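Presented below is the structure to which this report refers.
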Amino acid sequence: MNPAGAGGTPLANRPSLRPFRPGLVFGFFNAVTWQVALGTPMVLFAERLGAGPVEVGAAYSFVFLLAPVQVLSTTLFSRLGYRRLMLLAWGARSLFLLPPLALALLAPAEAPPWMLGLFLFSVFGFCLVRAMGNGAYLPWLYAILPPAARGRFLATDQVLSGISSVGTLLICAGLFALLQTFPALAVQYGMAFAGAWLGCLALFKLQDAPRPEGISLRRIVREGLPRCLRPSPFRRFLLASLLFGTAMSSLVPFAVYYLKVEADLSAGRIVFFTTVQFGGSIAGALMLRSLVDRTGPKPFFLLGMGAHLVVGLFWYGLVSGREGWMPVLPWMYVLLGAGAACWFAGTLNYLPQIVEERMRPLLVSLHGASASLVAGVSPVLWGIFLRPEPGERMNPDNFGLFLLYLCLVAVALGWIMLRTPMQRGEDHTPLALGAGLLRPFRGFSTLAGWQAGGTRPAGTEEKPRSKGSSSPCQPDRSGEG
């Protein structure tokens, strides 16, 4: 008798992941690219070019603001197919890394204004073409992966992306310690460009899937919007997610900016803080895998908001002049990463409880797009609020007010989640995003592309599903291990 894996599937009958290894390779190299192009190095690059809080907030917000493009890009699936769209988008995305690389090689002592404008345009273009292709990846995987292999693939992708991300951040911190800012950024953006093309090469080797049926944007408006406006548990949670986005997504870029221009910390030390924050997300994700299905999402919503409350109060004390708290800052970054992972894991577990399976792809997509849009507008507006007086780089007093608002949001969301009825996670299959838990602040933008998870190849009929089988937008976890 063959030994059984998780869920009772005999190990000998498990489908091999070998044909899908290019997808894992893509995830590994893709993490190198986005850690540089959308992470702390990008914020430090903008600051070095003379960006103020408004420009930093705008650059960080693009990835969120453009998430609704993922919903619109689903209309291209039936015309181009998943593989072709991904290759076109990811190839074009890599080209937007070249202008920042050129700016870093020029290494101006004092950057003229056009350089910052070119850099912001490059970040915008990078995020735009990323959004056009990003929505195709998960539906492509679900179309080609056997149901019994999906859980193992996503878990492996999470591990490899975590290793790649931590390694990339450590290399970036080392480069900032060894080199001047611009030479270090030149090497980092060279790494990002190489990672982008190695990822494209891996995608080229991944097998294609049949083109899905076309998706009607009219249906999104006709069926989705009324559900968002009608009183229901879904609308209540959507409003809570929007409130979350008004504060939490803005903390990371402005904390980095504050540490650089007000606390005068080195770029290498700031990137190290980002590394330990990512370590907190990994620790949170590992804890969640074994607990969230048994406890349900409520404890993790409460833990997430508790962590954000502690982090907000700590930062308020730091900004208020308690410089003796600085040695505790790395632990606050660990707590921030774990808290964000808790909230996002609760979201993935709770949404299937409040949305019926027939409407799940559409409503999850609208939830992700709405939350991402608010999370994108928030840094821009807070950047205007933090605009300094002439001759200064930041307004610390207004930053303190922002931190108090963040604490109030954490308390309000904790109270809302405490009073919201929720079921244990074992009664519902949670949504799965692979490495999404490792980058929870951008995970909502990935959810915006979930509408495509409900599509199927043109000319095929949906087969009846037996009890325990997976929906098109959920993995069958029988082979997960």
Inspect segment 68-88 for any residue being touching a helix residue (DSSP H, G or I) at 6+ places or on another chain (Cβ under 7 Å), aromatic (Phe, Trp, Tyr) and free of Cβ contacts under 8 Å to residues at least 60 places away in the same chain and give the result as yes or no. no
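Among the residues of segment 214-270, what is the count of those that are in a helix (DSSP H, G or I) and modelled with pLDDT of 80 or more?
From segment 214-270, those in a helix (DSSP H, G or I) are 217-229, 233-245, 248-261, 267-270; that's our starting set.
If we keep only those that are modelled with pLDDT of 80 or more as well, we get 226, 229, 233-245, 248-261, 267-270.
Adding up the residues that qualify gives 33.
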Is at least one residue of segment 310-330 modelled with pLDDT of 85 or more, within 22 Å of the chain's Cα centre (by Cα) and within 22 Å of residue 405 (Cα to Cα)? yes
Restricting to segment 69-92, count the residues that are under 18 Å from the mean Cα position of the chain (by Cα), at pLDDT 80 or above and not hydrophobic (A, V, I, L, M, F, W, C). 0
Check on residue 201, surrounded by fewer than 20 Cβ atoms within 10 Å (Cβ to Cβ), over 24 Å from residue 353 (Cβ atoms) and over 20 Å from the mean Cα position of the chain (by Cα): yes
Odd one out for residue 419, checked against (1) within 18 Å of the chain's Cα centre (by Cα); (2) without any contact (Cβ under 8 Å) to a residue 60 or more places away in the chain: (1)
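If you go through segment 151-208 one residue at a time, how many are part of a helix (DSSP H, G or I), of a type outside the set (A, V, I, L, M, F, W, C) and within 18 Å of residue 140 (Cβ to Cβ)?
Step one: of segment 151-208, the residues part of a helix (DSSP H, G or I) are 151-178, 181-205.
In the following step, the residues that additionally are of a type outside the set (A, V, I, L, M, F, W, C) were identified as 151-152, 156-158, 161-162, 164-165, 167-168, 174, 181, 183, 188-190, 195, 199, 205.
Adding the requirement that they be within 18 Å of residue 140 (Cβ to Cβ) leaves 151-152, 156-158, 161, 199, 205.
Residues flagged as part of a helix (DSSP H, G or I), of a type outside the set (A, V, I, L, M, F, W, C) and within 18 Å of residue 140 (Cβ to Cβ) within segment 151-208 amount to 8.
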Please list, ordered by residue number, the helices (runs of 4 or more DSSP H) wholly in segment 342-452 having 1 or more residues that are in contact with a Gly (Cβ under 9 Å, 6 or more places away or on another chain), modelled with pLDDT under 90 and closer than 24 Å to residue 68 by Cα. 360-385, 440-447
Just for segment 45-68: of the residues that are under 21 Å from the mean Cα position of the chain (by Cα) and assigned to a loop (DSSP other than H, G, I, E, B), which one is modelled with the highest pLDDT? 66
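The values are calculated or read from the model by the stated rules, or taken from the named source; none is laboratory data. No experiment lies behind these values; they were computed from the predicted model shown. Cβ: placed from backbone, ideal geometry, glycine included. Neighbour counts: every protein chain shown.
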